[in-house]
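Read the figures in this text as sums done on the coordinates, not as results from a lab. The model shown is predicted, which means the values in this text are computed figures rather than measured ones. Note: ideal-geometry Cβ built from the backbone for every residue, glycine included; neighbour counts use all protein chains shown.
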Amino acid sequence: MKVEEKLALNAIKNHDESHIVLDEEACARCETRICIRACPAGLYSVEPATNKVIVDHSGCLECGTCMVICPLDAVTWRYPDPGYGIRYRHG
Amino acid sequence: MSDGEELDVVVVGAGCAGLACAYELASNGLTVAVCERGDVAGAKNLTGGRLYLEPLKDLCGDLLEGAPFERTVVSESIVLTHGDASTSIRLDHGVGEDRPHSATVLRAKFDQFLADRAGEKEAFVMGEQRVDELIREDGKVAGVLVAGEEVRAKVVVAADGALSFLAVEAGLRKEREPRHFGVGVKELIKLDASLIEERFNVAPRQGAARMYMGDVTDGLPGGGFLYTNRDSISIGVVVQMDAMERRGEEDTFNDLISRFKERPDVAPLIRGGETVEYGAHLVPEGGFDALPELGIPGLFLVGDAAGLVLNTGNLLRGMDLAMASGVLAARSIIEFREGDPGCPECLDHYKKSLADSFVIEEMRLHRKAPKILSNERIYKVYPPAVVDMLRSLFEVDEKGEGVPVKRAVKKMRRTVGTWAAMRDIMRILKL
């Protein structure tokens, strides 16, 4: 099962605006790009055309791994606005 | 509440620490509000997981009366994995329904139950209340800001979880270090209760807990876990965050958990089940030496926010420590209710009672555990060595020969290195 399929099982209400903002300058000089494989939801990827790291906040599990693991402190992360984000039905 | 009326306590976060705290406070007649960012209690919470109940008998006995536990754990296993083989140590013990040692839980249901109980005692548990900031006045915390509105209280209890933005804001945690966290990922698989009972050889309401070590995490510090719930299975992996940093491969968590589920010794257990939820959560695993200061005047940290988690390899405890810390914080506040519970002495009272409790005592006792468990040989070297040795003992080759025990052990000693192994064993014995 792909991670996208698993995320689709969750109860979630995505906000139009992202609660995760990347510091593009820092990301540009990042060598590890560890966020890409560290994010349990697989939300980080490299945009092929620009070779930039991008994040799609839809589906975020709100674990905070990206913010904590980022070696350049390039991830500004806050909790989604009330009423949005993941809602664990089982937990 | 926004009309300037001051509460006794505002609790931030409706998890097990916050709700145990709120319940204790409200039961003693204090005015308490619990601000939860999710729409209901438990909406943002995730556990592996199981709750150890014995330590909470005195502290939370009344609160936990009638709680929606999934299954009482009567079967424990530690499984060493290597390729398609594994070896396990298993303990089946008949813990009675009346005196459970530990129980599996699912947080949506469990936290909602705790919130209802706190509500019965007239604590206000409010959803969709994201606390954005602390209010500070006269050198102490005097409340919180929720969507720009002031919620004033004599004391704020930060039960805001592993990421605790409030602990960071208060300067209690300088930064969140990757080496102090595990990343946990879990799938919930629906499965008929009767199949669970058949496959795990347990009676109705009884269940199993299994911990996996070895290539389930690709040899990284951490492990796999499996817990049986009433009619579902919680299965997942936890990996030490800084070990992920050291690793170069392109494996994702989903790859790890997918391979784990496909293992020949795991797949039959979950066959026919349907995955219904996928979650991830951080586990503060830094242990005693990573504990932050437990507050500033007017602000008390409890549960994950305070880093109160104990991982000894065979025990993974968080929720019992969380609930105990919540109750102890409440009791300190109650002790100072006639005066000012926002005074430094009240905070000292909490620190001392926590230090004297099993929470900090156990964490201190196992303070070396995070370091010992970060030794990658435990995950990379020993599981294959043990599995291979046992396999050789149970194989007969085409010449009709088996391997004598002596030779099998000798071979294993060569693989693991006798002295290195002795050293590691000595360390592990200190856990």
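Using the Karplus relation 6.51 cos²θ - 1.76 cosθ + 1.60 with θ = phi - 60°, the per-residue 3J(HN,Hα) values for the range B:202-207 come to 10, 7, x, 6, 9, x Hz, with x marking Gly and Pro.
Temperature 25 °C, viscosity 0.890 mPa s: under these conditions the Stokes-Einstein estimate for the protein assembly as shown, based on its Kirkwood radius over C-alpha pairs, is 103 µm² per second.
Sort B:72-78, B:418-424, B:307-313 for me by packing, meaning the mean count of neighbouring Cβ atoms within 10 Å per residue, highest on top. Please list the in-between numbers first.
Numbers: B:72-78: 20.3, B:418-424: 12.9, B:307-313: 22.6.
Those peptides, ordered most packed to least, come out B:307-313, B:72-78, B:418-424.
Checking the Cα-Cα distances for B:Lys57/B:Lys186; A:Lys6/A:Lys52; B:Lys44/B:Lys140; B:Lys410/B:Lys430; B:Lys109/B:Lys368; B:Lys44/B:Lys174 against a 31 Å cut-off, the pairs over it are B:Lys109/B:Lys368.
For the range B:370-387, putting each phi into the Karplus relation 6.51 cos²θ - 1.76 cosθ + 1.60 with θ = phi - 60° gives couplings of x, 5, 4, 6, 8, 5, 5, 4, 4, 9, 9, 9, 6, x, x, 5, 5, 4 Hz, in residue order, rounded to whole numbers and with x for Gly and Pro. Distant-in-sequence amide contacts of B:Tyr212, defined by a placed amide H-H separation under 5 Å and a gap of 5 or more residues or a different chain, comprise B:Val79, B:Gly224, B:Phe225. Taking amide H positions as modeled 1.01 Å from N, with prolines and chain starts lacking one, the residues under 5 Å from B:Leu106 and 5 or more places away or on another chain are B:Glu70.
Please give the average number of partner chain Cβ atoms lying within 10 Å of the Cβ of each residue in A:69-81, rounded to a whole number. Walk me through the numbers on the way to the answer.
Numbers: counts 8, 1, 2, 0, 1, 0, 0, 0, 2, 3, 9, 4, 4.
Mean inter-chain Cβ contacts per residue within 10 Å come to 3.
A dipole drawn for chain B from +1 and -1 charges on Cβ atoms has a positive end, and of B:Phe124, B:Leu106, B:Val396 the residue lying farthest that way is B:Val396. For the pair the range B:56-78 and the range A:14-35, the centres of their Cα atoms are 41 angstrom apart. Per-residue shielding of B:180-192, expressed as the average number of other chain Cβ atoms within 10 Å of the residue Cβ, stands at 3.
For the range B:287-398, what's the relative contact order in percent, using C-alpha pairs closer than 8 Å and at least 6 residues apart? Once divided by the residue count of the range B:287-398, the mean separation gives 29 percent. Rounded if a/c is under 1.5, else prolate if a/b is larger than b/c, else oblate: which is chain A, with a ≥ b ≥ c the root eigenvalues of its Cα gyration tensor? Prolate shape, in that a/c is at least 1.5 and a/b is the bigger ratio.
Suppose we look only past 22 Å in the calculated P(r) of the range B:179-284. What percent of the Cα-Cα pairs does that tail hold?
On the way: 1681 of 5565 pairs.
For the range B:179-284, the fraction of Cα-Cα distances above 22 Å is 30 percent.
Volume of the convex hull of the range B:38-147 (Cα atoms only), normalised per residue: 198 Å³. Between B:Val405 and A:Asn14, the distance separating the two model label sites (each 7 Å from Cα on the Cα→Cβ line) works out to 6.0 nm.
Couplings 3J(HN,Hα) for the range B:60-73, derived from phi with the Karplus relation 6.51 cos²θ - 1.76 cosθ + 1.60 (θ = phi - 60°), are 10, x, 5, 4, 8, 4, x, 5, x, 6, 7, 9, 7, 7 Hz, where x marks Gly and Pro.
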